[in-house]
Structure formats: C-alpha cells, structure tokens
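First up is the structure itself, then whatever we jot down about it.
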Amino acid sequence: MRLTYFLTDRFIKSKKRTRFISAISLITIIGIAIGVTVVIMALTVLDGFNHVVSRKIVEMNSHIKITGFSNKPLPGPEFFNDELTRSFGGKIAAIEPFISKLAIIKSKNLSEGVTIIGMSKKDIWSNLNKFLINSDTNFSSSNSAVPIFIGKKLAEKLFVKTGGKVFLFSIKNDKLPSIDNPPVIKEFFVAGIFESGISEYDDLNAYIEMDAAREMFGITGDVSGYNIKVSDITKVETLAERMQDFLGYPFYVRSIFKVHQNIFMWLELQKKPIPIILGLIIFVAVFNIIGTLLMIVLERTNSIGILRSLGFNRNKIIKMFLINGAYITFWGVLTGNLLALILSVLQDKFDIISLPNKIYFVTRVPISIDINNYLLITAITIVISMTASLMPAWIASKITPLKAIRFD
C-alpha cells in the first residue's frame, strides 16, 4: 500500500521533481475550486436574500394577516380576541389590531399618496424599533401635533426630518366629501423615520397611533384587520387555513407568505437556475479531471508498462489513478470551500457589494452561511469527480508492458 501511494505521488509531481504539482494538475484544481466557490456563493446569497427579506416582512407585519373581504370593517378586539383565544390560544403569540386607510401626506411644498396604518403605541414600537434610523425619544410629547412614523424614502421625497411637521388629508367615514362630511386635515410631527430596505414600506406606509386613526377616519369600535403572530411559524399555513374555516365570511385570512406571494415567488425563481449552474460546473470539473488523468496516462505510459512488468496488476494501477483523482478533487474542493467562506465573511462584515433596493428589496448583498450548502456541494463534487476518474484509470490498467515499451 505504501508503494502505491509513493508511486502515485511521483505521478502527480512534475518530471523536474519539484515539490509542486504539475501545471496541468494545478489548473484542474483551480477549475474545481472556482466551480465549488461559485455554486456555494450562489446558494449562500440566495439563502441570505430569503432570510433577510422574510425577516423584514415578518417583523414589519406579522405571521398571519386578517382583513375583511372588499375591505369590510371587522369587529373590535373585545369580540375578536376572545373568539380566537378560545379556539387557538396555545398557537397564538400575539394579536395586534390595526386600522389601514389611504390618505395624502403633505409637507411645505410637496404631497404624496400614502397608506396610513393606525396601531397601538406598543405595537408601533414593536414593529418599527429595529428599523428606526432617527426617532424622537419624547414619543408622548406635549406637542400639539400628533406623532407619525414614516419611511426614509417618503421622508426624502417630502424633505422632512425627525421633528418636522406634515399634514394628512383624508376622507371621513369612507364617504365622498360634502358639507355634512368634510375632508379631514390634521397636523402631525415626524416622531421617527424607519428604513426596512423594502420600498413597499419605506415609500408607501406611515404609522400613527390607533386613537388618532379612529378620530381621523371616523371609525369607532371597528378595525381594518388584525396582525397575528404565531408560536410556530413552520405551521403558519395550516393555522391560517384553520382560522379561515373557523371565522368564515367576511374575514379574509392569509399567511404572510400569501400576502407577499410575489416576493417569495421571486425568491424561489432565483433558485431555479442553481441546478443548471451546478451541472455545468460539474461537467467542467469532470472534463478537467478526465483530461488531466489522460495526459498523465500518456506521459507515464512507459512507467506504467514497467510497473506492469514488475508485477503490478490492473487493480493497483486503477487504484493509483483513483488516488490521483482523489488528490486533485480534495485540494479543489478544499480550496473552493475556503474561498467561498472567506468571500462570505468579507461581504457579511464589510458590505463590499451594495444593491439598489428598488430592485432587490435590500441595500446590500445578504449572506447566510449554511454548513449544509458546503456539505452538499462538497459531496456532489467528490462523487462526480471520483466517478470521472474511473475512465482514465481503466484505460491505464489496459496498458500492456510490451505496448508501453514500444510506445516509448
């Protein structure tokens, strides 16, 4: 066995007997390493997108959203909480009522359409705390204006900062303005500016307290809907279906994955090309290994013939070339894994690559290092590469001493 490994090592070394592997073997190792790195990085970035976007959407909303069909108002928390708690108590972590209406927000010279979301002060802080980039610590200020939280993009459009004043224009009681039902104009001060990195929220949503929303839109005991957080998000789809069956009309129950189905479908579509990319890279690695080992067979034909004449059987020749293939594969896979890990850590720590969040929902390339991705790509590459090594090994084992000497 030691002799087999020794001879394999001599086959790997160049003819000049330097300590470095031959140029062709080095090129093959680099090719495998680059392929492994590309696939692992692709999976790492896609997982990062999935985790970051999912986390932001869930933290800004909830796991389950309950609204009314055709935007019908729903009964207040007193009735609703009792009904759900009685039937799904152990599975529900929190129930947050909200009021959601369209309005026009105006600064000194500019105005924009916006969705006003009214929630309790506690729920506003719970949802926005992680995303606030500027906030007025005196949330319950004696300021005559009412506090409002707006997204960074909306604040930039309106040219307002924390502490600045804005006005909201809206209709009352969901009826057209008239002498008896005039539109509502109310002054607010910007208590905080948040940045989720998702344009849908940073550009279109503004948050105010529930009482201010009720007064502004003329709503008394009803609400627009409920945000529900569950204890186990892995069962959110099943729980949403059960809630829909339990509540019936006019309740419209959707999981967060259904509410933002377009985003999650986009994330899934990004993963579709991965098998194709992996297949192409594996084919490149296979041809590299086959080409390298065949060149070694041609280069060492005379040596193989001498070994056969000294008593080496075909199995030992095959074993030598399989060890050669394993050597190349090992260093290629190891280098690829290390390179992918280094690049992932650098991006995660230093944000080397930035992105336009209008397109990608985030402002930086997100990274999610998952050991399973490394193990999966490593295992697939090793299996395919070792299988590819069989053909050159079999060809080498067919060389006879007489033909080898004549070949030389």
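The values are calculated or read from the model by the stated rules, or taken from the named source; none is laboratory data. Predicted model only: the values in this text are computed from it and were never measured. With ideal geometry, Cβ positions are generated from the backbone for all residues, glycine too; neighbour counts draw on all protein chains shown. The accessibility values were calculated without ligands, DNA or RNA, using every heavy atom of the protein model including side chains. Shrake-Rupley method; radii C 1.70, N 1.55, O 1.52, S 1.80 Å.
Odds and ends about this structure:
- Amide H within-cut-off set for Asn205, under 5 Å, with H built and near neighbours excluded: Thr115, Gly151
- Taking every protein chain into account, the accessible area of the chain amounts to 53 square angstrom per residue (probe 1.4 Å).
- Percent breakdown of C-alpha pair distances by 10 Å bin, ordered from the shortest bin, for the chain: 4, 17, 20, 16, 12, 9, 9, 7, 4, 1, 0, 0
- Histogram of C-alpha separations across region 224-340, 10 Å bin width, %: 10, 22, 16, 13, 12, 12, 9, 5, 1
- Each label point was placed 7 Å from the Cα along the Cα-to-Cβ direction; for Leu102 and Thr363 their separation is 2.9 nm.
- Cubic angstrom per residue, convex hull over Cα atoms of region 237-291: 84
- Translational diffusion of region 345-399, µm² s⁻¹ [Kirkwood Rh, Cα pairs; Stokes-Einstein; 20 °C; 1.002 mPa s]: 144
- Calculated FRET efficiency for the pair Arg214/Lys258, C-beta based, R₀ 25 Å, to 0.05: 0.35
- Debye, to nearest 20: dipole size of the chain, +1 on Lys, Arg Cβ, -1 on Asp, Glu Cβ: 2700
- Stretchable slack from Ser199 to Asn315, in nm (0.36 nm times residue separation minus alpha-carbon distance): 35.4 nm
- FRET E, pair Glu78, Lys165, Förster distance 25 Å, beta-carbon r, rounded to 0.05: 0.10
- The stretch between Asn109 and Leu132 holds 5.8 nm of extra length on full extension. This uses 0.36 nm per residue minus the Cα-Cα distance.
- Separation in nanometres of the label points that stand 7 Å from Cα toward Cβ, at Glu241 and Ile274: 2.5
- With semi-axes defined as the square roots of five times the eigenvalues of the C-alpha gyration tensor, the equivalent ellipsoid of region 71-180 measures 29, 21, 12 Å, largest first.
- Split the accessible area of the chain by element, probe 1.4 Å, and carbon with sulfur accounts for 61%.
- Span-like helix criteria (full DSSP H runs; alpha carbon extent of at least 27 Å along the helix axis; mean Kyte-Doolittle hydropathy of at least -0.5) are satisfied in the chain by 23-60, 274-299, 314-350.
- In plain terms, the chain from Ala23 to Val284 could stretch by 92.2 nm, reckoned as 0.36 nm per residue minus the Cα-Cα distance.
- Amide proton proximity set for Ser196, modelled H, under 5 Å, gap of 5+: Lys152, Asp202
- Taking amide H positions as modeled 1.01 Å from N, with prolines and chain starts lacking one, the residues under 5 Å from Gly218 and 5 or more places away or on another chain are Asn173.
- Förster radius 45 Å - calculated FRET efficiency between Asn173 and Val383, Cβ distance, rounded to 0.05: 0.10
- Nitroxide proxy distance, nm - points 7 Å out along Cα→Cβ at Thr400 and Ala326: 3.1
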